[in-house]
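Down below is the structure, laid out as structure tokens.
The values are calculated or read from the model by the stated rules, or taken from the named source; none is laboratory data. Only a predicted model underlies this, so the values are computations on that prediction, with no experimental measurement involved. Because the Cβ atoms are built from the backbone with ideal geometry, glycine has one as well, and the counts that use them run over all protein chains shown. Each accessible area value is taken on the protein alone, full model and side chains, heavy atoms only, with ligands, DNA and RNA left out. Shrake-Rupley method; radii C 1.70, N 1.55, O 1.52, S 1.80 Å.
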Amino acid sequence: MRKALRGFLSLAVLIGTVGVTGAQAGAATAVRPAAVTGGVTASDDGTGADIKDRILAIPGMSVIEEKPYAGYRYFVLSYTQPVDHQDPSRGTFQQRITLLHKDTSRPTVFSTSGYNVSTTPGRAEPTRIIDGNQVSLEYRYFTPSRPAPADWSRLDIRQAADDQHRVFTALKRIYPAKWLATGASKGGMTATYYERFHPGDMDGVVAYVAPNDVVDKEDSAYDRFLARVGTKACRDRLAAVQREALVRRAPLEEKYRAYAAEHGYTFDTTGSLDRAYEAVVMDYYWTFWQYSLPADCDTVPADAESATDQEIWDSVDAITGFSTYTDQGLEKYVPYYYQAGTQLGSPDIRQPWLGSLSRYGYQPPRTFVPRSIPMKFQPAVMRDIDGWVRHHGERMLYVYGENDPYGAEPFRLGAGSRDSYVMTVPGGNHGATVGALAEGDRAKATAAVLRWAGVAPAAVREDPAKAQPLAAYDARLDKRDVREERGPRR
């Protein structure tokens, strides 16, 4: 009987018949068991099937909220997913999705940040390029898309790719045109991993500033990069402020202690205020290059030794943020640090200009994950991904920023890569985009995205140099502040 019940539950989850439960049921619109048919929605061709009704007809899908936006319909959704796609009897959880609906006859972009999903209408760059729909998915284990209780061993790149595959399978019947996957940083990594495990789903991948840490224990590429990025004058300024922050550890930690008390911050995860303070300071040099531009060097104290304690504090706080490694700052990003310490890998940089001032070195992900969560690194996982991209990657575009440290270990193409590109934005940082590429690369990349989505105009097919985004810039939808979206620095 137990085997029979387990088999029934597995089948139920796999075909998506598990409904919304618990708190989600009260907040979301009930799932409607209507049939889903082909074709387009009422708003597209007058068949009488409203897009909201078609979404609700998907088993396990519910609408939490609909927000109006000119030219689109925007939905915040919840979808029932299995905790373990290989063993659905382990239970389910609710995963948040957003949908920027334009027209079911248009292509669709599947966007992932690798972190939480924003519930404010926004448009990824490929969505503007192809003038399409956009589905955005919250990464599993980022709250509220976390199973309860959380079995952290089920947080891995294959389970996350399977989450995307189920969402794609459910929505493909409504959006039958071509699909592209995209994401930046961890989102670009996520789009790559999805393509590796489900290569038949997407018609192309646009991955921005995606790190590729193939061998986690070999990080000398980052040291070489940081030794020559930007100008020597700027590097020297940053190094001097960072060094001074460690020389003045005692008075600045007293300031940190008062700051933590004022805001109610604690340090149980790192183990001490001292460890957290040093982690903030050790990130200063890297984070400047990740998110700032060469012109921002003028904001860094020119003479660190003569600067006041407040000036040193303000510079470090503005670039790294003293709340970052508090328990409260880490809580949101525990799933990231867990993955960095089990599969993704993370940078380990030397920073020789600090001499013996560092007590802990560049601390590993284990420092930033509660000790109650077990972690064991799996070194073969990234090697598999890297090998797949080199030997089997097809219709993949990687965009990096010239000054972004994460570009020191990029994805590279190989003999088996087809119709794929790696491009770099001159002077760019972790916010690099297709639109910021040099003119020739920008046109080539835009033409490829249009072609993969099946919407390249005849003029572009004849001459890729004429490629332009199909949708006009929208200041609200397309505004991107990389400092606001930034995740962990490690």
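For region 65-219, the per residue solvent-accessible surface stands at 29 Å², with DNA, RNA and ligands left out and a 1.4 Å probe. The gain in end-to-end length when the LYS217 to THR299 segment is fully stretched comes to 26.1 nm, 0.36 nm per residue minus the alpha carbon separation. Measuring r between the beta carbons of ARG248 and THR143 and using R0 = 30 Å, the FRET efficiency lands at 0.25.
The length gained by stretching the chain between THR119 and ALA70 to full extension, at 0.36 nm per residue less their Cα-Cα distance, is 16.0 nm.
Taking every alpha-carbon pair under 8 Å whose residues sit at least 6 apart, the chain reaches a relative contact order of 15 percent. According to the Kirkwood relation over distinct C-alpha pairs, the hydrodynamic radius of the chain is 23.9 Å. Size of region 160-240: Rg and Dmax of its alpha carbons, in Å, are 18.5, 58.
Accessible surface calculations at 1.4 Å, restricted to protein heavy atoms, place region 321-414 at 41 Å² per residue. Per residue, the average separation of C-alpha pairs within less than 8 Å and at least 6 apart gives region 178-274 a relative contact order of 20 percent.
Accessible area per residue for region 221-270 is 50 Å², calculated with a 1.4 Å probe on protein heavy atoms, without ligands, DNA or RNA.
Placing unit charges on each Cβ (+1 for Lys and Arg, -1 for Asp and Glu) gives the chain a dipole about its Cα centre, and among TRP286, PHE377, GLY435 the Cα reaching farthest toward its positive end belongs to PHE377. Measuring nothing but protein heavy atoms, the accessible surface of the chain at 1.4 Å probe radius is 52 percent carbon and sulfur.
Sequentially through region 364-370, phi angles give Karplus couplings (6.51, -1.76, 1.60; θ = phi - 60°) of x, x, 3, 5, 10, 10, x Hz, Gly and Pro residues having no value and appearing as x. Under 25 Å from the Cα of LYS172, which lysines turn up, not counting those fewer than eight places away in the same chain? Within the straight-line cut-off, LYS172 pairs with LYS52, LYS67, LYS102, LYS186. For ARG224, the accessible surface of its heavy atoms amounts to roughly 130 Å² (probe 1.4 Å, protein chains only, rounded to the nearest 10).
Shape of region 215-332 from the C-alpha gyration tensor: oblate (a/c of 1.5 or more and a/b not above b/c, with a ≥ b ≥ c the square roots of its eigenvalues).
Per the Kirkwood formula applied to alpha carbons, region 263-384 shows a radius of gyration over Rh ratio, Rg over Rh, of 0.99. Taking amide hydrogens as placed 1.01 Å from N in the peptide plane, the amide H of ASP50 sits under 5 Å from those of ALA42, each at least 5 positions away in sequence or on another chain.
In the chain, with Lys and Arg counted as +1 and Asp and Glu as -1 at Cβ, which of these residues, PRO347, GLY454, HIS85, has the Cα nearest the positive end of the dipole, that is, farthest along it? In the chain, that residue is HIS85.
In terms of its C-alpha gyration tensor, region 309-435 has an oblate overall shape, because the principal axis ratio a/c (a ≥ b ≥ c, square roots of the eigenvalues) is not below 1.5 and a/b does not outweigh b/c.
Taking the Cα centre of the chain as origin and assigning +1 to Lys and Arg Cβ atoms and -1 to Asp and Glu Cβ atoms, the resulting dipole is close to 1440 debye. Looking at the chain alone, DSSP beta bridges between its own residues are antiparallel in about 50 percent of cases.
Region 449-477 and region 265-285 have their alpha-carbon centroids 46 Å apart.
Of all lysines in the structure, the ones whose alpha carbon falls short of 16 Å from that of LYS217, not counting any fewer than 8 places away in one chain, are LYS376. Search the structure for amide H atoms under 5 Å from the amide H of THR92, placed 1.01 Å from N in the peptide plane, and list their residues when 5 or more places away or on another chain. For THR92, whose amide H was placed from the backbone, the distant partners under 5 Å are VAL83. Partners of LYS479 within straight-line reach, counting aspartates and glutamates whose Cα lies under 18 Å from its Cα and excluding those fewer than 8 residues away in the same chain: GLU125, ASP131.
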